[in-house]
1. Which helices (runs of 4 or more DSSP H) does segment B:113-232 wholly contain that include 1 or more residues that are within 16 Å of the chain's Cα centre (by Cα) and either assigned by TED's automatic domain parsing to the domain that holds residue B:248 or under 30 Å from residue B:306 (Cβ atoms) (or both)?
2. Can you work out which of the residues in segment A:6-39 that are surrounded by 20 or more Cβ atoms within 10 Å (Cβ to Cβ) and part of a helix (DSSP H, G or I) is nearest to the other protein chains (Cβ to nearest Cβ)?
3. Residue check: is residue B:334 over 30 Å from residue A:66 (Cα atoms) and within 14 Å of chain A (Cβ to nearest Cβ)?
4. Just checking, how many residues over segment B:154-174 are away from chain A (no Cβ under 14 Å) and in contact with a strand residue (DSSP E or B) (Cβ under 7 Å, 6 or more places away or on another chain)?
5. Conditions first: (1) more than 20 Å from residue A:255 (Cβ to Cβ); (2) touching a helix residue (DSSP H, G or I) at 6+ places or on another chain (Cβ under 8 Å); (3) within 12 Å of another protein chain (Cβ to nearest Cβ). Residue B:124 passes all but one, so which condition is the exception?
6. Restricting attention to segment A:80-98, which residues are surrounded by fewer than 24 Cβ atoms within 10 Å (Cβ to Cβ) and touching a residue at least 60 places away in the same chain (Cβ under 8 Å)?
7. With respect to residue A:125, is the statement that it is surrounded by 24 or more Cβ atoms within 10 Å (Cβ to Cβ) and at pLDDT 95 or above true?
8. From B:51, B:82, grab the single residue that is in contact with a strand residue (DSSP E or B) (Cβ under 8 Å, 6 or more places away or on another chain), farther than 20 Å from residue B:255 by Cβ and part of a helix (DSSP H, G or I).
């Protein structure tokens, strides 16, 4: 494979088959270099119109009549579209609540579906909110329940063999982030799911950092349960509701632990006892936040239109470009690669470690118009969102990192975490 | 008190001190008579501008920088404003999740704060989603836990003595809707809280049908816990996030059972173990849906500006007007009053029972431009939202009910529940 760094970023942008998608987003500050789509995706232009319709037409004019006419089916309709991105059937995915609440629901349900098994296996690369929810679920299920957090050797990945070795007949559930939030390590979903199943454990995948940016095939992997957010590579907007997946053949064993009227078979009969709706709808609880929910759909449509294979191809190429440029420009300045070097083991962001990481990130944002994010203790994450990230942005970020460190431009910034997001 | 029905609706509107607030809402279909603000409040004009700012400026332009700059404080800031409406301190209220998820959280936390006590007392007037969440919470806490649902004598209210008699040393928690969703019965919060406390039980109030439309004084009532929605009389928009209240002096005993990063003391340290934030923020779980969250504030501001005492005064007057007109016009047509006749025991909606209730409600919406809602088996609810409901609308609704029944205009409509909201 020829080295990408021998090509100019402008040339790479010109040859990018997805280059036209950038104009489908609101990008009205050309001076800004946004490499944090792995945290909050950009605003799709179509979403602006959609939200106006929801607010002015559906809420303002339609009022309560819009519930049956437009809103009640949103969780399933959008869930059905996300299903196409993750190798699931429409009846296996629904949009509801936050990622963490969904994880809690599926963790409790998964534990209760596995009587006699009391352990959850996860790892230290997992997003901490997942760990907190798993610990909360275990605590609620009883004093015998526990969460084992496997450590990584290098901060980047946990070897598949170490994971497999930790799973035994006490394991109810294996829960992992498909792509690790800090290092960007991509787990082999099929292999780990098989290792879990070999011991009778269920596997629950957090797809937050992979959905919308790389092909996922839950069906082929035999995955049991999954959750994921919609505000990163799906561009659903800040805090947009999350989704959850329950394999169809497992649905009769997975009972929602937080019952509410939206998961009831006949909510408008107002019966005093809950009768769960059929299928995936039984995992709903309360009334969904419609503005944030409806805002998800245009972003998902863009991903479907572009095609997840093409998105993955560009993503791999762009993270490779970053790593090639890092090797030349940033290694001499004290940066370390904290992401897998092999593209097939990498999600869509590249983490660079530096002893002054937090202050460098602040200087980048404040002085250079480059937005990465920072993950304690010392990681700068550069996120690639192939629908709108250009090679020219990547090159500018590399140059900005170089200049900020070379010239000590971070010296005036605080090294405490206050205000970090 | 002179009979209101002797005055013309136009005269009553002219004399209404709150009449000017109607123009603060988007009301662009003067032919529509909207009496379902008790289900979904109207769209405040200011909210249209606010959502545009959040979408275009904060998301589109500010991107991830808007989390520290504008979004992270929304749950507490809006919670602090709601606190002023319910007799609470700012540090006692926060906006999070859905009503049902919040109820689940506080029910589990309340049960765990009361070791040795295994019963929840509630009643059959409660909103069924509350009952489902309570039953789910009890189930998760163990096989000894149970929910006792007290029946009402007349479908309208449960006598305070019957409630008090049911509370004993086994009772961990009493959970009731402050205003019953069907009948509109208003509980005496102070008396019931005192009865619960006399037996060592905690009391958890559902304020969905009272917040924003009548004065609530949780502090004076000695209430322990509360939840409520923001999309009815607070006009926060469809499915806007709910709020929860924990009495300050109880906060060290109430532990969030669904831990997540938004409730962590230092979420950006990414520690593997959860350390709860101080105070009410510890009740947060995942990332909140910002568009739906930010949309709440203008509606709350309108209620604060109008003043809850003036709102209550108009609400009582308007429900009284409805009942007086019902007595004259609707009793002869087979309608029955299903709400308390005494204003001090009534929330802000009036329920009318009729054997053909569902078909009548459908005819009202479809043929008369009058929107009430229907609550099985046979209740038509007429909701009064004093910030925008006019007497002229109330009179039109009464006339529409009269004509639909007198002329049998409901005959073509279905009596099955499909499509009801």
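1. Numbers: elements: B:128-141, B:160-166, B:189-198, B:218-221.
It comes to B:128-141, B:189-198, B:218-221.
2. The extreme case among them is A:24.
3. Values: over 30 Å from residue A:66 (Cα atoms): yes; within 14 Å of chain A (Cβ to nearest Cβ): no.
No; evaluated as a whole, the condition is false for this residue.
4. From segment B:154-174, those away from chain A (no Cβ under 14 Å) are B:154, B:156-157, B:159-174; that's our starting set.
Going one step further and asking which of them are in contact with a strand residue (DSSP E or B) (Cβ under 7 Å, 6 or more places away or on another chain), we end up with B:156-157, B:162-163, B:166-167, B:170-174.
Of the residues in segment B:154-174, 11 are away from chain A (no Cβ under 14 Å) and in contact with a strand residue (DSSP E or B) (Cβ under 7 Å, 6 or more places away or on another chain).
5. (2)
6. Filtering segment A:80-98 down to residues surrounded by fewer than 24 Cβ atoms within 10 Å (Cβ to Cβ) leaves A:80-81, A:83-84, A:87, A:89-91.
Answer for segment A:80-98, where residues must be surrounded by fewer than 24 Cβ atoms within 10 Å (Cβ to Cβ) and touching a residue at least 60 places away in the same chain (Cβ under 8 Å): A:81, A:83, A:84, A:87, A:89, A:91.
7. Values: surrounded by 24 or more Cβ atoms within 10 Å (Cβ to Cβ): no; at pLDDT 95 or above: yes.
No; evaluated as a whole, the condition is false for this residue.
8. Values: B:51 fails: in contact with a strand residue (DSSP E or B) (Cβ under 8 Å, 6 or more places away or on another chain).
Answer to the selection: B:82.
The values are calculated or read from the model by the stated rules, or taken from the named source; none is laboratory data. What you are looking at is a predicted structure, and each value in this text was computed from that prediction instead of being measured. In this analysis, Cβ positions are derived from the backbone assuming ideal geometry, glycine residues included, and neighbour counts consider all displayed protein chains.
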